[in-house]
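Have a look at the structure below, then the notes.
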Amino acid sequence: MDNILAAAQTIATARRNRAPLATLSAELAPADEAEGYLIQRAVHDLLLAKTGDLVGYKIGCTSAVMQQYLDIPHPCAGGVFAKGVHDSGAKLRYGDYVRVGVECEIAVRLARNLAPSEAPFTAEWVMEAIEAYFPAIEIVDDRYVKWETMGAPTLVADDFFAAGCVLGKAVARIKAPDLLKVKGRAIVNGKEAGHGTGADVLGHPHNALAWLANHLAEGGKGLHAGQIVLTGSLLKTVWLDAGDAVKMELDGLGTVEASFK
């Protein structure tokens, strides 16, 4: 357990200092993703003063394009924190990140708890727990000297690139379009930088939410009413330059914008 705390302290210190993280030493690097998630929880505790409370989760590696890009064949989860959630139109500081990128996502807000005792969860089951959807920009941060060498367990330990989100206006679940057919576009400085559909997210964003609920239940944890979940990117990460203006358009769900000065 001491190694888990020591690994968490190394990661938390790098994040506080916005210092690129090098590969963890052999004794501190998590042996597998299960150990990575134990370190992640310890990182959350250490960063509470900086990040604010855990208010939800992000799911990464939910599309074929992202699984190929990261060379990880299954979803991974990270935390979403109060101080990292912004409204559309947010003006964010480019210098607050090591190497900032954005992803086009469908976010959900839960209407009720999903307790671990209710597992296993299906897509249909978790859909009933959704209150609303949002067009969302997931903010990701490449906080690494070279992320390709870090390995999935260490990336998991460091919240899998998670650095916050920008949310558009909520759309009640009963008024939402068929998510499979929702087309998403990333527009940077007025030019399209990528596109995809809801079907690209594990076949359906509700599949991603079910994966997360089952993943948390395995560790005895649940999802809670009011929490936000970023279900996964419809397109490959778009890395930004200082001054970039970003807009995500999701058909039937609306738009969401942010700038990074």
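For the stretch 55-260, what is the convex hull (Cα atoms) projected area averaged across all directions, in square nanometres?
10.2
Within 11 Å, Cβ to Cβ, of VAL171, how many net charges do the neighbouring residues add up to if Lys/Arg are +1 and Asp/Glu are -1?
Taking every other residue near VAL171 into account, the sum is +3.
What is the sum of charges around GLY203, taking Lys and Arg as +1, Asp and Glu as -1, for the other residues whose C-beta is under 15 Å from the C-beta of GLY203?
Counting the neighbours of GLY203, the net charge comes to -2.
Which entries of LYS83/LYS183; LYS191/LYS236; LYS181/LYS236; LYS50/LYS91 show an alpha-carbon separation above 22 angstrom in the structure shown?
Pairs exceeding the cut-off: LYS83/LYS183.
As an exercise, identify the GluC sites (Glu not before Pro) in the stretch 120-226 lying in DSSP coil whose Cβ has no more than 13 other Cβ atoms within 10 Å.
The qualifying sites are GLU128.
Provide Rg and Dmax in Å for the stretch 1-142, with only Cα atoms included in the calculation.
Just the Cα atoms of the stretch 1-142 yield Rg and Dmax of 16.5, 44 Å.
Highest mean first, what order results for 240-247, 48-55, 108-115 on Cβ atoms within 10 Å?
Most protected by this proxy first, the peptides run 108-115, 240-247, 48-55.
Name the residues whose placed amide hydrogens come within less than 5 Å of the amide hydrogen of VAL55, ignoring near sequence neighbours (fewer than 5 apart) on the same chain.
Amide H neighbours of VAL55, under 5 Å, 5+ apart: VAL80, PHE81, ALA82.
Summing -39500 (n - 2.57) over the DSSP H runs of n ≥ 4 in the chain and dividing by its residue number, what mean residue ellipticity at 222 nm do you reach, to the nearest 500 deg cm²/dmol?
Value at 222 nm, helices only, nearest 500: -7500 deg cm²/dmol.
Can you classify the stretch 27-66 as rounded, prolate or oblate using the Cα gyration tensor, where a ≥ b ≥ c are the square roots of its eigenvalues, rounded means a/c under 1.5, and otherwise it's prolate if a/b beats b/c and oblate if not?
Because a/c hits 1.5 or more and a/b fails to exceed b/c, the stretch 27-66 counts as oblate.
Which loop GluC sites (Glu not before Pro) in the stretch 1-68, with loop taken from DSSP, have no more than 10 other Cβ atoms within 10 angstrom of their Cβ?
Of the GluC sites (Glu not before Pro), the ones in loops of the stretch 1-68 whose Cβ has at most 10 other Cβ atoms within 10 Å are GLU27.
Where Lys and Arg each count +1 and Asp and Glu each count -1, what net charge lies around SER117 among other residues with Cβ under 15 Å from its Cβ?
Its environment carries a net charge of 0.
How large, in Å, is the stretch 184-261 by the Kirkwood hydrodynamic radius built from its alpha-carbon pairs?
14.3
Where a number appears in this text, it was derived from the coordinates with a stated rule and is not lab data. Note that this is a predicted model, so its numbers are computed, not measured. Backbone-built Cβ (ideal geometry, glycine too); neighbour counts: all protein chains shown.
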